[in-house]
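Written out below as structure tokens is the structure these notes cover.
Quick note: the coordinates plus some simple rules give every number you see, no bench work behind them. It should be emphasised that the depicted structure is a prediction, and the values quoted were computed from it without experimental measurement. Cβ atoms come from the backbone with ideal geometry, glycine included; neighbour counts cover every protein chain shown.
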Amino acid sequence: MLKIINGMIYDPLNNKNGKEETLWVKEDKIIEPPSSAEIERAKEAGELEVIDAQGMAIMPGGIDIHTHIAGPKINTGRVLRPEDHRGDTVSKRENLRSGVGSTVPTTFVTGYRYAGMGYTTVMEAAGPPLKARHVHEEFEDLPFVDKGFLVLAGNNYFVMKFISEGDKEALKNYLAWLIVATGAFGLKVVNPGGVEAWKEGKDLRDMNESSGPFNLSPKEVLEGLAEANEDLGLPHPIHVHTNNLGHAGNYRTTLETLDLLKDYRAHITHVQFSSYGEDEENGLLTSESGVIADKINELDGITVDIGQIIFGDATTMTADGPLQYGLHQLSGNKWVNTDVEMETGSGVVPLNYKQKNLVNGIQWAIGLELFLKIEDPWKVFLTTDHPNAGPFTAYPWVIKLLMDADYRQEMIFQLHPKVSQYTDLAGIDREYTLEEIAVITRAGPASALGLKEKGNLAIGNDADIVIYNLAKDDLGEVFAKPEWVIKDGKTVVQEGELVDELIDGRTLLTKPEYDENILDIIEEDFKAYYSISLENYSVADDYFKEIEVIPCR
Amino acid sequence: MSQSEVSNVVCTFCGSLCDNLVVTVEDNEITKVKNACRISKTEFMHATEDRTVPRIKGEEVSYEEAVNEAVDILKDTHYPLIYGLSSTSNEGQRAAIKLAESIGASIDSTSSVCHGPGTLSKQLVGAVGATLGEVKNRSDLILFWGCNPIEAHPRHAKRYSMLPDGLFIDSDDKETIVFDVRETPTARLADHFYQVQPNSDFEILMVLRALLEGEELDIPAGKESIGGIELDEIYRLADKLKNAEYGTLFFGMGLTMTRGKHMNTSAAISLVRDLNQYTRFVLIPMRGHGNVAGSEKTLGWQTGYPFGVNFSRGYPRYNPGEFTAVDLLGRREVDAAVIVASDPAASLPYQAVEYLKEIPTVVLDPHQNLTTEIAQVILPAGITGITAPGTVYRMDNVPLEVRPVLEDEWPTDEEVLTKIEEGVKNA
């Protein structure tokens, strides 16, 4: 039994804003204060542990709603970039495996570093169905955190086929089967229609332009998926990487997307990359954070995460094949592409975001503007789209930028002098409160993912608890190195140090129901156009160490 | 007599991983295999022959004695090598990496003497690839460069490349070109064959790149061909590549292991990359062993590097040429070796094999081979895909699960390696 005393609890879902209260944990759950007899018994048995959190903030474990940590893309990034790892090595300990870090860390090190900064749940944001087994294999070697993955559906042959036929039942059944067969947690849409078009050699930028084997527009694909996601009652709304992402002037596409989705629940991911205007004179990327933030403020069912740029090395990776080709053309850097039959594409390109580069500076400012202009913290979550805009290990310093306007000004001062002509970040003096930070890093993502037992410290919930020492001088350090991290009631970080014990997290799944007939419906095309047998497609249960099934709504 | 028929069996005996074999089993013996090629038929039908038994210095011993001997060898070494991995499952590979970390070994796969140079060039320039289904569904122009699938990957042509009808294209509309130093059976089946002069792959590829960029060729007078290909053919070829809808270049060891090695593959990757300015074009390595692709994956996520990884400092370091098996053995640097599911005595250079004979060598293999002949300790293990389960990766990195069709008296590679690791740790 664990008793945490004297701490200030930041638990926004339960309206606790720095309230001093004692927390009790038994086994893996948060419990009511036990009876004095029970406390005595635990004491006598030597089973009562007490943490004195005097002067410290207590929050639920952090939740990353969008990150790339396991599966074919991140692993390609690892193998592609020996230069990324050499300066950041992690030695083995008695019970902890070794590895390397930097922007594309090995699986074990990914687990250490997330847990080490108080994150206990992470969502791998994009797995190709055909290679889902690979995602789960890596999950087995990714300790300390609970994790799930979103399965790519925006350029899937059967999805497009059923939408073009107007067969909503078949679409629903297919998607439900796909989620169960791949062990996914939700649906991801990346550049709907655009990735398939690029496989056919077309650069599709218009949401209304039809293409592909079923002559559909991105709008038709996206709306079909958003509707099916709702009808299935999946815990997490449709998770969207917009069309035209990364291109100057793309904010119009983003507005079109938001309008299209206004009657659905939807999550727009790394929206920073989708909020670009274009300078008419020189074609330069400009900030349209105001228009995008206004729209998000106005809509009820929409959440976003930012994808905040971090200056320094990054490894971009996405299922948006044409985007990655563009980044390769732009940077001249090495480029890996993989087209995945019937389902998706993907690419990996290393990048370096430079503080003195005008465009990179504007991108950086747009991310922060969005954080500060979106009024309701329940609608906006902290991500760097790891490792696309930068590594997740930079989160503590993004928190500092949000909480400390002076620090932000200092940083703006170090950018290319013209950045302020293109953005109004310098004029924003909003500072996030600790409670708001708790919202954008745990309570909000938990709600958006439909994880009721996470992101808050109610009685009966998972005992995923982080204790931050506010007495440290540097806010970044406070969040980079919590004093204690408790995962499922077990101490993972003690006095700032990771314990020497490999503790597994769970794989988060959802299991929507479907009509088995869907297998007969897809069988013929599957046999003709896939390169493996349908019977060898599904990921068997032996790929999961421990699972938690999150119920549909 | 019990008889059963198992469908959708994955064959792990080449990088194509055909997954539609039908295997008939009677009394724990395979009596029939359908949808099999020559290679898989032989491997499946004779799977239970020439099996290894636990041995120490040639003497048959109990399994436990053999494991203990392996532990004894490894606990006293200063610098061991773990090598092979290409015919075991990912699960076996992961256990091997853990053992390597635990004992401070260098760990290397057969990749370093096979498609490793391709991976090195990927680290230099990237790679534009696709899964095999994309080739089947889209590819109207298919190049085979320094590879001979008709003999080495017998069902590749039928399932994935030359012969199947795809979603967007019928086989009649597919054009195939073979580049090789001799007229192979694949060359005879192709629409065109270019007989490449040995060691001129790099030159041909770079000339094609130059033509693609619109460069004028500065050809010495009297030279009428490049690397064995007529000049006007080369011009036509560059045009053809550019005008494909979705081209594919399959490459084999004729490119990665001939003079130039990773520079050859860099040139091929760069050519394919450059072609994407005009059309879609992809490239896929013709990986040989059933799970050699998997070894680069498992090493990738556990260490960050694909092969040639060293743990002597307690964390992974990577240096092909320093930590790769041929070099470590040739330079006589290591003092013990664990060979997992491969046959280096048959494939490594003479000097390396001679040194392997001198040091204590622990061999995990289901079958007798040249390496078991020189082993100090032989540990039999399950046959991945026939008697042992696990995950294997196809040449295009599509992961498949294999399930045993026969029972085995011996444990899996994963189980044995884990046991050795625990033994060394507790010694």
If amide H atoms are modeled at 1.01 Å from N in the peptide plane, then the residues at a separation of 5 or more from residue B:391, or on another chain, having amide H under 5 Å from its own are B:90, B:91, B:402
I need the shape label for chain A. Rule: rounded when a/c is under 1.5, else prolate if a/b > b/c, else oblate, with a, b, c from the alpha carbon gyration tensor.
oblate
Kindly flag which residue pairs out of A:400/A:454; A:188/B:261; A:16/A:147; A:147/B:122; B:261/B:297 have an alpha-carbon separation exceeding 32 Å in this structure.
A:188/B:261
Over region B:196-255, what per residue volume does the convex hull of the Cα atoms give, in whole Å³?
82 Å³
Shielding of A:107-117 by other chains, given as the mean Cβ count within 10 Å, works out to 1
Magnitude of the charge dipole, region A:453-518, Cβ model with Lys/Arg +1 and Asp/Glu -1, debye to 20:
140 debye
Compute the length gained on full extension between residue A:500 and residue A:354: take 0.36 nm times their separation in residues and subtract their Cα-Cα distance, giving the result in nm to one decimal.
48.9 nm
If you put +1 on each Lys and Arg Cβ and -1 on each Asp and Glu Cβ, how big is the dipole of region A:23-91 around its Cα centre, in Debye rounded to 20?
500 debye
Karplus 3J(HN,Hα) series, Hz, for region A:70-75 with 6.51 cos²θ - 1.76 cosθ + 1.60 (x for Gly, Pro):
8, x, x, 5, 4, 6
For region B:327-427, run through the trypsin sites (Lys or Arg not before Pro) and keep only the ones in DSSP coil with at most 12 other Cβ atoms within 10 Å of their Cβ.
B:331
Provide the packing ranking of B:205-213, B:91-99, A:536-544, i.e. peptides ordered by the mean count of other C-beta atoms within 10 Å per residue, highest first.
B:91-99, B:205-213, A:536-544
Would you work out which of A:282, A:178, A:191 lies farthest towards the positive end of the dipole of region A:156-311, given +1 charges on the beta-carbon of Lys and Arg and -1 on that of Asp and Glu, about the Cα centre?
A:178
Please list B:266-275, B:220-229, A:403-412 highest first by mean number of surrounding beta-carbon atoms within 10 Å per residue.
B:266-275, A:403-412, B:220-229
Can you give the FRET efficiency to the nearest 0.05 for residue B:51 and residue A:458, using r as the Cβ-Cβ distance and R₀ = 41 Å?
0.10
Under the Karplus curve 6.51 cos²θ - 1.76 cosθ + 1.60, θ = phi - 60°, whole-Hz ³J(HN,Hα) for region B:382-397, x wherever Gly or Pro sits:
x, 8, 4, x, 10, 10, 10, x, x, 10, 9, 10, 6, 4, 9, 6
Could you work out the relative contact order of chain A? I mean the mean sequence separation of Cα pairs under 8 Å and 6+ apart, divided by the number of residues, in percent.
20 percent
Relative contact order [Cα under 8 Å, 6+ residues apart], region A:421-553, whole percent
16 percent
Per-residue average of other protein chain Cβ atoms inside 10 Å, peptide A:538-550 -> 1
Just need the relative contact order of region B:373-427 here, percent rounded to a whole number, with Cα pairs under 8 Å and 6+ apart.
33 percent
Using the Karplus curve 6.51 cos²θ - 1.76 cosθ + 1.60 with θ = phi - 60°, work out ³J(HN,Hα) for each residue of region A:267-277 in order, rounded to whole Hz, and write x for Gly and Pro.
10, 9, 9, 5, 5, 3, 6, 10, 10, 9, x
Tell me the mean residue ellipticity at 222 nm calculated for chain B from its helices only (DSSP H runs of n ≥ 4, each -39500 (n - 2.57), averaged over every residue, nearest 500).
-10000 deg cm²/dmol
Using R₀ = 35 Å, calculate the FRET efficiency as 1/(1 + (r/R₀)^6) where r is the Cβ-Cβ separation of residue A:36 and residue A:430; round to 0.05.
0.15
Quickly estimate the mean residue ellipticity at 222 nm for chain A, helices only: each DSSP H run with n ≥ 4 gives -39500 (n - 2.57), and the total goes over all residues, rounded to 500.
-9500 deg cm²/dmol
If unit charges are put on Cβ atoms (+1 for Lys and Arg, -1 for Asp and Glu) and the dipole of region A:468-553 is taken about its Cα centre, the option from A:505, A:552, A:491 lying farthest towards the positive end turns out to be A:491
Applying the gyration tensor rule to the Cα atoms of the protein assembly as shown (axes a ≥ b ≥ c; rounded if a/c under 1.5, else prolate if a/b exceeds b/c, else oblate), the class is oblate
Loop only by DSSP, 14 or fewer other Cβ within 10 Å of the Cβ. Give me the GluC sites (Glu not before Pro) in region A:327-384 that pass, ordered by residue number.
A:375
What whole-number distance in Å separates the alpha-carbon centres of region B:236-309 and region A:370-422?
39 Å
Going by average Cβ density within 10 Å per residue, which order do the peptides B:300-309, B:64-73, B:191-200 take, highest to lowest?
B:300-309, B:64-73, B:191-200
Can you give the extra length, in nm with one decimal, that the chain gains between residue B:199 and residue B:62 once fully stretched, where that is 0.36 nm per residue apart less the Cα-Cα distance?
44.3 nm
Average other protein chain Cβ within 10 Å of Cβ, residues B:120-130
6
For region B:125-251, with equal point scatterers placed on the C-alpha atoms only and solvent neglected, what are the log10 I(q)/I(0) values from the Debye formula at q = 0.15 1/Å, to two decimals?
-0.72
Given the C-alpha atoms of region A:126-206, compute the convex hull and give its volume per residue in Å³.
106 Å³
By the Cα gyration tensor axes a ≥ b ≥ c (a/c under 1.5 gives rounded; else a/b larger than b/c gives prolate, otherwise oblate), the shape of region A:323-387 is oblate
Show the residues, 5+ positions off or on another chain, whose built amide H is closer than 5 Å to the amide H of residue A:238.
A:267
Computed magnitude of the charge dipole of region A:440-552 (debye, nearest 20; Cβ of K, R +1, Cβ of D, E -1):
540 debye
